[in-house]
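**Q** Handing you this structure, nothing more for now.
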Amino acid sequence: MQTRTLGTTGPQSSAIGLGCMGMSASYGDPGDRAESVATIHAALEAGVTLLDTGDFYGMGHNELLINEALRSAPATRREQALTSVKFGAQRTVEGEFIGFDGRPAAVKSFAAYSLQRLGTDHIDIYRLARVDPDVPVEETVGAIAELVEAGHVRHIGLSEAGADTLRRAAAVAPISDLQIEYAIISRGIEEKILPTARELGIGITAYGVLSRGLLSDHFARDRKLDASDFRAASPRFQGDNLHRNLDLTDALRVIAEKKGVTVAQIAIAWALAQGEDIVPLIGARRRDRLTEALGALDVTLDAGDLAAIERAVPADAAAGGRYPEEHMALLDSER
């Protein structure tokens, strides 16, 4: 397994991380628990060390799932695993998001519950899921820094933070990485956020590399999404937007077929090629999808390939926003 370091102060990680959200929530059909555990085991066996979760994924279900998978994994693999945990999202019993809480007392309370559910004495990387507009980021990061000092957390991360917020946070404590959406059709970070992160020595853990399945061979034009699938409300999966975006996927498929790989592997390889400071997170829920994703590590994109991808999918080619407007308004990275 290839490795990369998360920023100048963070841990060494596998070059690809496993995003575990879909094993518990958000994609309509409930995940198969046995297959989810088997997929985590297969990832660990392949050398994947970074496991990304959130305390609000399935209302704690995802952390308990990771706990189960790690407890039943070989000790050598379990000891190599890195847990990346997002916290702070507030939800109703029905699953509705009602805000984010970055208050110092809340930070420490969220961490206590996550440590219990994960069955561990520390979290490797801890990050607020969305910057709380009502709490200075310095206070939130300062509280995580106290958890680091106490040994409960090892590294501090951020999620969907803008360039100014990165600077303010880094002035308080070392920041290992910024978790943010970054894909061939989601390139908003390239103007300000990515250069600032690099200036500050902050790594990028890139989620949405496959754009929730758009950049793959697994999403049919006539597919009907269940109301419980969050993509049903995503602008990129609506009407004409969906068809325009799948046209982009078709253009990528031409490039992929010439190289003898899949569209998903092209998309992941593209993210890997954007810099050694970027670690793509792959939301594989099954072992076959994991195997496909890891195959991207064997894909080399030369200058000609990257230019062809740029021609096929220019930076502003995506139709529709990456979240509904009301969710975009919560993103510090979009301000």
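**Q** Where Lys and Arg each count +1 and Asp and Glu each count -1, what net charge lies around THR5 among other residues with Cβ under 10 Å from its Cβ?
**A** -2
**Q** Please tell me the relative contact order of region 141-286 in percent, rounded to the nearest whole number, where contacts are Cα pairs under 8 Å and at least six residues apart.
**A** Numbers: 173 pairs, mean separation 32.1, N = 146.
For region 141-286, the relative contact order is 22 percent.
**Q** Please compute the net charge surrounding ARG103, taking Lys and Arg as +1 and Asp and Glu as -1 over other residues with Cβ under 9 Å from its Cβ. Show your work: numbers first, answer last.
**A** Values: positive: none; negative: ASP101, ASP132, ASP134, GLU139.
Summing Lys/Arg as +1 and Asp/Glu as -1 gives -4.
**Q** Enumerate by residue number the trypsin sites (Lys or Arg not before Pro) in region 128-211 meeting two conditions: DSSP loop (anything except H, G, I, E, B), and at most 15 other Cβ atoms within 10 Å of the site's Cβ.
**A** Sparse-neighbourhood loop trypsin sites (Lys or Arg not before Pro): LYS192.
**Q** Using Cα pairs under 8 angstrom and six or more residues apart, how large is the relative contact order of the chain, in percent?
**A** 21 percent
**Q** Next question, about the same structure. Cα centroids of region 294-317 and region 65-86: how far apart, whole angstrom?
**A** 33 Å
**Q** For the chain, what does the helix formula give at 222 nm: sum of -39500 (n - 2.57) over DSSP H segments with n ≥ 4, over the residue count, nearest 500 deg cm²/dmol?
**A** The helix contribution divided over the chain gives -11500 deg cm²/dmol.
**Q** Moving to a separate point now. Ordering ARG289, ARG71 by how much accessible area each has at a 1.4 Å probe, largest first, what is the list?
**A** Result, largest first: ARG71, ARG289.
**Q** About the Cα centre of the chain, what is the dipole size in debye to 20, counting +1 per Lys and Arg Cβ and -1 per Asp and Glu Cβ, all else neutral?
**A** Dipole about the Cα centre, nearest 20: 440 debye.
**Q** Rounded, prolate or oblate, given the Cα gyration tensor of region 147-261, with a/c below 1.5 counting as rounded?
**A** prolate
**Q** Which percentage, to the nearest 5, of the DSSP beta bridges contained in the chain is antiparallel?
**A** In the chain, DSSP labels about 25 percent of beta bridges as antiparallel.
**Q** Let me ask another. With the Cα gyration tensor of the chain giving a ≥ b ≥ c as the square roots of its eigenvalues, does the rule (a/c under 1.5 for rounded; else a/b larger than b/c for prolate; else oblate) give rounded, prolate or oblate?
**A** It comes out rounded by the Cα gyration axes.
**Q** Now, a different point. With an 8 Å Cα cut-off and a minimum separation of 6 or more residues, compute the relative contact order for region 259-335 in percent.
**A** 28 percent
**Q** Can you find, among VAL279, VAL261, LEU248, the residue sitting farthest towards the positive end of the charge dipole of region 212-284, where Lys and Arg contribute +1 and Asp and Glu -1 at Cβ?
**A** Projecting each Cα onto the dipole axis, the largest value belongs to LEU248.
**Q** Springs between alpha-carbon pairs under 10 angstrom, Gaussian network model over the chain: which of GLU63, GLU149, GLU96 fluctuates most?
**A** GLU96
**Q** Looking at the square roots a ≥ b ≥ c of the eigenvalues of the Cα gyration tensor of region 1-151, which shape do they give, rounded for a/c under 1.5, prolate if a/b is larger than b/c, or oblate?
**A** Cα axes put region 1-151 in the oblate bin.
**Q** For the chain, with a Gaussian network of springs between Cα atoms less than 10 Å apart, report the residue from ARG287, ARG236, ARG311 with the top mean-square fluctuation.
**A** Of the options given, ARG311 has the highest mean-square fluctuation.
**Q** Figure the gain on full extension for GLN80 and ALA220 (residue separation times 0.36 nm, minus the Cα-Cα span) and round it to one decimal in nm.
**A** Gain on extension, GLN80 to ALA220, equals 46.7 nm.
The values are calculated or read from the model by the stated rules, or taken from the named source; none is laboratory data. Keep in mind it's a predicted model, so treat the numbers as computed, not measured. When we count neighbours, we look across all protein chains shown, and the Cβ atoms used for this are built from the backbone with ideal geometry, even at glycine. Calculation scope for accessible area: heavy atoms of the full protein, side chains included, ligands and nucleic acids excluded. Shrake-Rupley method; radii C 1.70, N 1.55, O 1.52, S 1.80 Å.
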